[in-house]
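Everything below concerns the one structure shown next.
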Amino acid sequence: MPPQPIKLLNREEIAADTMSFHFEKPAGFQFKPGQYLDCTLTNPPETDAEGNIRSFSVASAPTEPHLMITTRMRNTAFKRVMNTMPIGSPLSVEGPMGSFTLHNDASRTAILIAGGIGITPFRSMIVNAARTQLATRIVLLYSNHRPEDAAFLDELQKLESENKNFKLIAVMTDMQKSKRAWNGETSKIDKAFITRHVPDLHGPIFYVAGPPAMVNGMKTTIIEAGVNEDDIRAEDFSGY
């Protein structure tokens, strides 16, 4: 699909240093949960060596009326422009692209492992599964330093209570720096953690998303736990 202009509808901070941007959805625009867009700033007031194009997973579900992208905020020209451009400003998007999407066999559980902002494609999948009453069993292992850093945490907890086919296992690994209470998991997602929460390692399909080092390390951990490499799908988020 050729590049299309979309307009910024609103922005909101949803976690520490994390913003969601809501855009109008072009008429007839279709995508699968887990796919991404190439976003280009239109005549930005500033730029830098990283350029005016970024790739973002679509965090919204196809059933939702708007397109949403969610990102950690860094001190780059692109992010500064995104954070200050007036409501109604245009952005050019190309896509959707990518094959990081849920499998079709509902008899196989989907194990989603997210590190930080890697939650974005999974949020789309999980919301879509709830809205369409998808029969696939979904288990999300979601790791952050603190609850303050965990994008969509409250929403995911609510979705777990609404969808019997969805299980959330959230992990906070640096609670000494948090001001919030946490009664859930605090250990790292390692081989022992995975085997404890996923007793059958040979039936599910595993999906991993997050920073490159996390994704590479998690793929190794999953394989060492006994998962067939053919049953692992991964997407890393460089520089975001």
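Derivation of every value follows stated rules applied to the coordinates shown; laboratory data play no part. Everything numeric in this text was worked out from a predicted model, so none of it was measured. Cβ placement follows ideal geometry from the backbone for every residue including glycine, while neighbour counts extend to all protein chains displayed.
General observations
- Residues with amide H under 5 Å from that of residue 18, placed H, sequence gap 5 or more: 73
- Relative contact order of region 110-236, defined on C-alpha pairs under 8 angstrom at six or more residues apart (%): 27
- Set of lysines with alpha-carbon distance to residue 25 below 25 Å, sequence-local pairs under 8 removed: 7, 79
- A simple count of charges around residue 129, restricted to other residues whose Cβ falls under 15 Å of its Cβ and scoring Lys, Arg +1 and Asp, Glu -1, yields +3.
- Extent along principal axes [Cα atoms of region 4-97; Å; largest to smallest]: 33, 28, 23
- Separation of the residue 63 and residue 224 label points, Cα + 7 Å toward Cβ, nm: 3.9
- Relative intensity of region 94-144 on a log10 scale, I(q)/I(0) at q = 0.21, 0.25 Å⁻¹, equals -0.81, -1.07, per a Debye sum over C-alpha point scatterers of equal strength in the absence of solvent.
- Alpha-carbon Debye profile of the chain, log10 I(q)/I(0) at 0.10, 0.13, 0.14, 0.18 Å⁻¹: -0.47, -0.80, -0.92, -1.44
- Descending semi-axes in whole angstrom, ellipsoid equivalent of region 55-179, from the Cα gyration tensor: 26, 21, 12
- Relative contact order of region 4-97, pairs being alpha-carbon contacts under 8 Å that are 6 or more residues apart, as %: 41
- Scalar couplings 3J(HN,Hα) for region 125-135, obtained by applying the Karplus form with A = 6.51, B = -1.76, C = 1.60 to θ = phi - 60°, are 4, 6, 5, 4, 4, 5, 6, 9, 6, 4, 7 Hz; x denotes Gly and Pro.
- Summing +1 for each Lys or Arg and -1 for each Asp or Glu among the other residues whose beta-carbon sits under 15 angstrom from that of residue 186 gives 0.
- Between amide H atoms placed 1.01 Å from N, distances below 5 Å from residue 207 occur with 111, 112, 113, 233, all of them 5 or more places distant or on a separate chain.
- Inter-centroid distance (Cα atoms) of region 4-26 relative to region 182-226, Å: 30
- For peptides 207-217, 99-109, 151-161, sequence by mean Cβ density within 10 Å, most packed first: 207-217, 151-161, 99-109
- Over all pairs of different C-alpha atoms in region 110-236, the reciprocal of the mean inverse distance, the Kirkwood hydrodynamic radius, equals 14.8 Å.
- Of all the options 87, 138, 205, the one that moves most in a Gaussian network model of the chain with Cα springs shorter than 10 angstrom is 87.
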